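Take a look at the structure set out below.
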Amino acid sequence: MVSSSNIKLDSSFYHSLYDHRMTDASLPPPPNNTRYLGIDVGGTTIKFGLCDSHGAIRSKTSMPTDLLPEPRSVIQHGLEFALSALGASETLESVGLAVPGVLDTSSWSLKEVVNLPHWTNRPLLELLENESQRPSAIINDANAAALAEHHLRGLTDKSLALITLGTGIGCGLAVGGKGLSGDHGCAGEIGHLAINFSADANLCNCGRRGHLEAYAGAPAVIERAKKALECLDAQEIPSILRRTDLDPRDLSRAAEDGFQPAREIIIETGTYLGQAIGILGQVIDPAVVLLGGAMTFGGQAKSTGRDFLTAVKRSMADTTLQQVGSQMIIEYASLGNTAGVTGAALVALQKGRKS
Ligand SMILES: [Zn+2]
């Protein structure tokens, strides 16, 4: 067993974004005036970014998804944006598209996706290549974000997992500078890792029991909080937690104000998450695991977020071999909502260099 105090947090092998080049050293560096279009398709917003050969965004824009409901219009809008944003001596080398849902990497089509009815079972890569007339690449959005964080940290041949915490729990994997999707588009679906194998384990949204999401997804966290609050006298409960439409941010605020039961629910959530990261650690053995998304309990800036992270690390280390538990770095993600666009541009850059 490894105590959390032994967990190595040395980030010295991180290099700056601008010192780092893409990972395949056998290929020559791209010229400085080449640009790469990244498109990040979301259920409410579609983001577009024109990136340089270091993966830095030079120009960006976004559109509500409602206004660009189907793939061809998204690609055309992205190309118009990119061509108008190019400088006089710059050229658009290649295009990358990050998409949510289950991406079939044999047909490059989306098999399952929420809120994007016009996107399923379309030959997305063919469409992207035909419209852009350039080398094109498609990547799952979670993997795109992981790839961007991997690049930002200069991890080269090391592996990184980026876990997004919210209503669901997603995970993108970047292994040796490439996204890892699995043969069925489901690699790294950490939300559906079983952490409780008992017959009466909590029921997950997917219909199975005992999955991480049924314990540490936002609705499950709120459910556990409500049960804990039912055991208390009403006057003991802070007003912020008496609302019927509680969300994890209320829990964070109450914990930050010193309300111990809220802090305990958050710590317990960290323990569940750490167990799943421990399983991931034994299978993938990543150098770095990052936590992002809407439910990070204030992140590194708040004591509640720091306590949550400590609980995650302790639980992970308690369930893994020391070689994994003592060396895996777990911290909060850095790139926020530009990670998908950057990752899409990076996969375009990789594709462009090989063409
Ligand atoms: Zn599940």
**Prompt:** Given labels modelled 7 Å from the Cα in the Cβ direction, how far is it in nm from Y332 to L83?
**Reply:** 4.2
**Fill in**
A chain fully extended from T156 to T244 at 0.36 nm per residue, minus the present Cα-Cα distance, gains in nm 27.0 nm
**Request:** Please return the longest stretch of the chain lacking exposed loop sites, where trypsin sites (Lys or Arg not before Pro) count only if DSSP places them in a loop and at most 13 other Cβ atoms lie within 10 Å.
**Result:** 9-207
**Request:** With a ≥ b ≥ c taken as the square roots of the eigenvalues of the C-alpha gyration tensor of region 74-170, please select rounded if a/c is under 1.5 and otherwise prolate if a/b is larger than b/c or oblate if it is not?
**Result:** oblate
**Asked** On full extension of the chain, what length is gained from E236 through A301, given 0.36 nm per residue of separation minus the C-alpha to C-alpha distance?
**Response** 20.7 nm
**Message:** Taking amide H atoms as placed 1.01 Å from N in the peptide plane, list the residues 5 or more away in sequence, or in a different chain, whose amide H sits under 5 Å from that of R209.
**Reply:** C204
**Request:** Calculate the tail of P(r) for the chain: the fraction of all Cα-Cα distances greater than 32 Å, expressed in %.
**Result:** 34
**Request:** Could you tell me which chymotrypsin sites (Phe, Trp or Tyr not before Pro) in region 296-355 are loop residues by DSSP with no more than 15 other beta carbons within 10 angstrom of their beta carbon?
**Result:** none
**Prompt:** How do I284, I39 rank when sorted from fewest to most other Cβ atoms within 10 Å of their own Cβ?
**Reply:** I284, I39
**Prompt:** For the chain, what does -39500 (n - 2.57) per DSSP helix run (n ≥ 4), summed and divided by total residues, give at 222 nm, in deg cm²/dmol to the nearest 500?
**Reply:** -11000 deg cm²/dmol
**Request:** Multiply the residue separation of H184 and R208 by 0.36 nm, subtract the distance between their alpha-carbon atoms, and state the gained length in nm to one decimal.
**Result:** 6.8 nm
**Fill in**
Counting only residues 5 or more apart in sequence or on a different chain, those whose built amide H sits under 5 Å from that of T164 are G170, C171, G172, G292
**Prompt:** Remind me, what semi-axes does region 170-242 give for its equivalent ellipsoid, largest first in whole Å, using sqrt of 5 times each Cα gyration tensor eigenvalue?
**Reply:** 34, 16, 8
**Request:** Starting from the Cα of Q260, move 7 Å in the Cα-to-Cβ direction to define the label point; list residues of region 215-251 whose amide nitrogen is under 16 Å from there.
**Result:** 228-229, 231-233, 236-238
**Request:** Name the residue farthest towards the positive end of the dipole of region 159-335 from the options L241, G172, A220, assuming +1 on Cβ of Lys and Arg, -1 on Cβ of Asp and Glu, about the Cα centre.
**Result:** G172
**Message:** Classify region 288-355 from the C-alpha gyration tensor, please: rounded if a/c falls under 1.5, else prolate or oblate depending on whether a/b exceeds b/c.
**Reply:** oblate
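Each value in this text was obtained by applying a stated rule to the coordinates, not by laboratory testing. Remember, it's a predicted structure, so these values are computed and weren't measured experimentally. All Cβ positions, glycine included, derive from the backbone under ideal geometry; neighbour counts span all protein chains shown.
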